[in-house]
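Chemist: Have a look at the structure that comes next, please.
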Amino acid sequence: GAAVVWVLFAVIAPRTWVSITGVARILDPASTLGIMATAVALLMIAGETDLSTGVMTGTTGLVAGLLATRAGWNLFPAMLAALVFALLVGYLNGVLVVRTRLPSFIVTLATFFILRGANVGVTRLVTNQVYVGGIDAATGFTAARSVLNIGVNVLGAEFRSAILWWVVIVAIANIVLQRTRYGSWIFAAGGDPVAARNVGVPASRVKITLFMVTAAAAWLVGMMNVVRLRSAVASQGIGQEFVYIIAAIIGGSLMSGGYGSVIGASIGAIIFGMAQVGIVFAGWDTDWFYS
């Protein structure tokens with residue numbers, strides 16, 4: 001499927017598409033999407049879904065931004081505080097799903113609405129608007145940007161460091177999933193949690209941990225957006241949770257759990273990146289992207 005999409009746009013817009021610049025443009029949106037799709041795929045393999053991942057990227061950005069601009073924190077401690085917040089939300093999502101046995105769709109949808117409302121309400125209360133600007137003036141911003149999202153010129157094209165983060169995360173996740181006992185636990189928890197528990201697999205603990213992993217991935221993407229855009233907006237990430245899930249499904253993960261691949265999820269992210277950039281290169285109306 002990825003090959004077909006690439007050939008399609010190579011025929012339609014060969015000048016811009018078949019170039020180092022075209023590759024850089026494709027990998028730019030695919031990198032952050034790929035980071036999230038990797039975490040979401042792991043959770044889906046374990047038989048759960050998380051609809052709060054998109055809004056969490058915006059929430060963590062707002063937390064770090066408010067602490068850095070309004071409380072005068074160095075950006076690194078502010079980012080750490082945002083990570084702790086994300087992990088706490090992920091833990092609560094996991095505990096609620098495991099303890100109440102409600103569908104994770106319902107639990108995380110509730111979390112989505114809570115965070116969406118808090119993003120607007122708290123930000124407006126503190127700043128009188130739904131936007132936190134001036135993050136680039138915070139202490140530690142330059143160092144944070146150099147670590148999380150700096151541009152590197154390669155043969156005249158700019159590649160973002162987020163691509164490297166994506167590759168490393170996928171490599172680690174793939175090793176864990178395919179070559180460790182914990183990876184087997186993930187497949188078992190999603191395939192048949194009752195049978196998994198009967199043979200000693202800590203299915204509940206695995207699921208709670210993976211909810212925290214998706215929250216941490218959302219935090220990382222949120223920090224990348226903050227240092228790149230130098231600001232945070234209350235509406236950031238809303239709606240992207242479905243894109244993350246779709247990318248994982250395109251890559252072969254099943255909604256029912258027990259089957260999937262982080263490599264496949266990354267290919268799904270690349271397909272999305274190619275479609276997003278290819279429509280622009282082809283000169284088509286971008287309103288048709290999701291069609």
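The values are calculated or read from the model by the stated rules, or taken from the named source; none is laboratory data. All of these numbers come straight from a predicted model, not from anything done at the bench. When we count neighbours, we look across all protein chains shown, and the Cβ atoms used for this are built from the backbone with ideal geometry, even at glycine. When the accessible area is computed, the model is the full protein with side chains, heavy atoms only, and any ligands, DNA or RNA have been set aside. Shrake-Rupley method; radii C 1.70, N 1.55, O 1.52, S 1.80 Å.
Chemist: From the list Thr32, Thr16, Thr38, pick out the single residue that is of a type outside the set (Phe, Trp, Tyr) and either outside any helix (DSSP H, G or I) or closer than 13 Å to Gly278 by Cβ (or both).
Modeler: Residue meeting the stated conditions: Thr16.
Chemist: Return the residues of the stretch 54-110 that are within 19 Å of Ala143 (Cα to Cα), of a type outside the set (A, V, I, L, M), assigned to a helix (DSSP H, G or I) and open to solvent by 40 Å² or more (accessible area, probe 1.4 Å); say none if nothing qualifies.
Modeler: Thr69, Phe76, Pro77
Chemist: Can you list the helices (runs of 4 or more DSSP H) lying wholly within the stretch 166-264 that have 2 or more residues being among the basic types (Lys, Arg) and open to solvent by 30 Å² or more (accessible area, probe 1.4 Å)?
Modeler: Per the criteria, 203-229.
Chemist: Among the residues of the stretch 116-165, what is the count of those that are more than 21 Å from Ala78 (Cα to Cα), part of a helix (DSSP H, G or I), open to solvent by less than 50 Å² (accessible area, probe 1.4 Å) and hydrophobic (A, V, I, L, M, F, W, C)?
Modeler: Of the residues in the stretch 116-165, 1 are more than 21 Å from Ala78 (Cα to Cα), part of a helix (DSSP H, G or I), open to solvent by less than 50 Å² (accessible area, probe 1.4 Å) and hydrophobic (A, V, I, L, M, F, W, C).
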